[in-house]
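Quick notes on the structure that follows.
The values are calculated or read from the model by the stated rules, or taken from the named source; none is laboratory data. Bear in mind the structure is a predicted one, so any value in this text is a computation, not a measurement. Cβ coordinates were reconstructed from backbone atoms using ideal geometry, including for glycine residues, and neighbour counts include every protein chain displayed. Surface areas here come from the heavy atoms of the whole protein model, side chains and all, with no ligands, DNA or RNA. Shrake-Rupley method; radii C 1.70, N 1.55, O 1.52, S 1.80 Å.
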Amino acid sequence: MSRDDADDPDAAGNRRRGSGGPLLRDLGEFGLIDLLRRRYGGRAHPGELSIGDDAAVVRVPRGRAVLSTDMLLEGTHFSLDYFLPAEVGWRALSANLSDLAAMGAAPLCYLAALAAPGRTPVATVDGIFCGMAAAAAPSGMRLVGGDTCRGDRLALSLTVVGAVERGRPLTRTGARPGDLLYVTGSPGWSHLGLRLLRGGRPAKATGWRGEAMRRHLRPEARWREGMIAARSGAVAAMIDLSDGLLPDLSHLLEREGLGAILPEEAFPFPPAFRKAASALGIDPLAAFLAGGEDYELALTVPPRRRRRFLGAMRRCKELPVTRVGRVVPEPGVWLSRDGRQEHLVGGFSHF
Ligand code: ADP
Ligand code: MG
């Protein structure tokens, strides 16, 4: 980070744009690590080590560790033209946390590897880590380490660690014909938010606009719901919705050679969601079925475990689960409406 690239026009541009403060090259690698450790480093409990040694040491519960990594490149997965640094951090952390949620794991800690050009304002990296810390805070997940190096563009690789103490982690396999299909919350909002933002970012957003923006910029991973679902012992298979309900559902079904029927009248379309979709000229059905990045959970429950499942999920007071269909023995996903069935996978072209 300390090599000089003084003739760099972007650096001059950053200064001109008034991002003002120091650049990473002014701070150097160790200065940056020290700043991140002081501001965002997780506390080490007795017998543990957080940022600063060769590796982190954390106490782990009995049971099994659950681990996941994701990598984000500037220009490919995010752009600072559209997102504030804190939003990039929030979304990155939430996407990773959602992978733990989808296994039913309790979040423990995370590591963040960062590559960045020397011309990057320190405030940009600070913002990204601030967003990650804010998204991690409710779950108690702590930053315990990472790596920092110089690169030609920003890249962020997060590793999250969780644990399943009792029972087993929930996987994408295990759905059976006849299983009931549920989703948490109301998928589709994130796509509405994206479309709203593409039309120019509103300076102040309230009502449905505020909700659509929040759901796209600051999605909340359903780690509580995932843990409760797993502990209920009533769920057969589970996945988080990152690509969209249809593509993600096919991950639950295809490997088992199964399909699903989704009755349209069952879909969770709250009035504000319908209003937002209509104002943006988007079919709510399209946003629900094909919109990505909602980070809700989709799961299947054998009918005989339905009561146990619903009883357990009542503990997630704010977030309802909705039954959106059932698993069938034939491959393919079908939308049923007005007494007719429409084949969806590959044939859904409302976007
Ligand atoms: P090493 O040379 O052994 O890889 P580093 O100098 O890269 O050590 O890292 C020193 C400490 O700082 C380690 O504990 C590492 O986990 C932590 N660290 C480095 N970069 C980051 C980062 N981007 N976020 C959090 N912790 C970091
Ligand atoms: Mg290192």
Search region 37-55 for residues that are over 15 Å from Thr148 (Cα atoms) and pair each with any residue that is part of a helix (DSSP H, G or I) and within 15 Å of ligand 2 (Cβ to nearest atom) when their beta-carbon atoms are under 9 Å apart and the residues are at least 6 apart or on different chains.
-> Ser50/Arg37
Do we have any residue at all in region 119-141 that's in a strand (DSSP E or B) and either within 13 Å of ligand 1 (Cβ to nearest atom) or among the basic types (Lys, Arg) (or both)?
-> no
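Which of the strands (runs of 3 or more DSSP E) contained wholly in region 220-307 include at least 1 residues that are farther than 21 Å from Leu335 by Cβ and touching a His at 6+ places or on another chain (Cβ under 8 Å)? Spell out how you get there, then give the answer.
Numbers: elements: 237-240, 259-263, 297-301.
Of the strands (runs of 3 or more DSSP E) lying wholly inside region 220-307, none has at least 1 residues that are farther than 21 Å from Leu335 by Cβ and touching a His at 6+ places or on another chain (Cβ under 8 Å).
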Region 123-154, residues that are in contact (Cβ under 8 Å) with a residue 60 or more places away in the chain, open to solvent by 20 Å² or more (accessible area, probe 1.4 Å) and within 16 Å of ligand 2 (Cβ to nearest atom) | Gly146, Cys149, Arg150
Out of all the residues in region 70-77, is one or more in contact (Cβ under 8 Å) with a residue 12 or more places away in the chain, of a type in the set (Gly, Ala, Ser), within 22 Å of Ser242 (Cα to Cα) and surrounded by fewer than 16 Cβ atoms within 10 Å (Cβ to Cβ)?
-> yes
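Just for region 96-111: of the residues that are in contact (Cβ under 8 Å) with a residue 60 or more places away in the chain and aliphatic (A, V, I, L, M), which one is surrounded by the fewest Cβ atoms within 10 Å (Cβ to Cβ)? Show your work before the answer.
Residues of region 96-111 that are in contact (Cβ under 8 Å) with a residue 60 or more places away in the chain, as a first pass: 96-107, 109.
Then drop every residue that is not aliphatic (A, V, I, L, M), which leaves 97, 100-103, 105-106.
Details: Leu97: 31, Leu100: 29, Ala101: 31, Ala102: 30, Met103: 24, Ala105: 28, Ala106: 22.
Selected residue: Ala106.
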Is there any pair linking a residue in region 325-339 that is in the same structural domain as Leu245 (by TED's automatic domain parsing) to one that is surrounded by fewer than 12 Cβ atoms within 10 Å (Cβ to Cβ), with Cβ under 6 Å and at least six apart or on different chains, and which?
-> Pro331/Gly257
Residue list for region 220-260, filter: over 26 Å from Arg315 (Cα atoms) and open to solvent by 30 Å² or more (accessible area, probe 1.4 Å) = Asp243, Pro247, His251, Glu254, Arg255, Glu256, Gly257
Among residues belonging to region 39-64 that are away from ligand 1 (no atom under 11 Å from the Cβ) and open to solvent by 70 Å² or more (accessible area, probe 1.4 Å), point out the one that is farthest from the chain's Cα centre (by Cα).
-> Pro46
Are any residues in region 70-84 touching a Ser or Thr at 6+ places or on another chain (Cβ under 8 Å) and more than 14 Å from ligand 1 (Cβ to nearest atom), and if so, which ones?
-> Asp70, Leu80
Only residues that are within 16 Å of ligand 2 (Cβ to nearest atom), among the β-branched types (Val, Ile, Thr) and out of contact with any Gly (no Cβ under 8 Å at 6 or more places or on another chain): list them for region 39-79, please.
-> Thr69
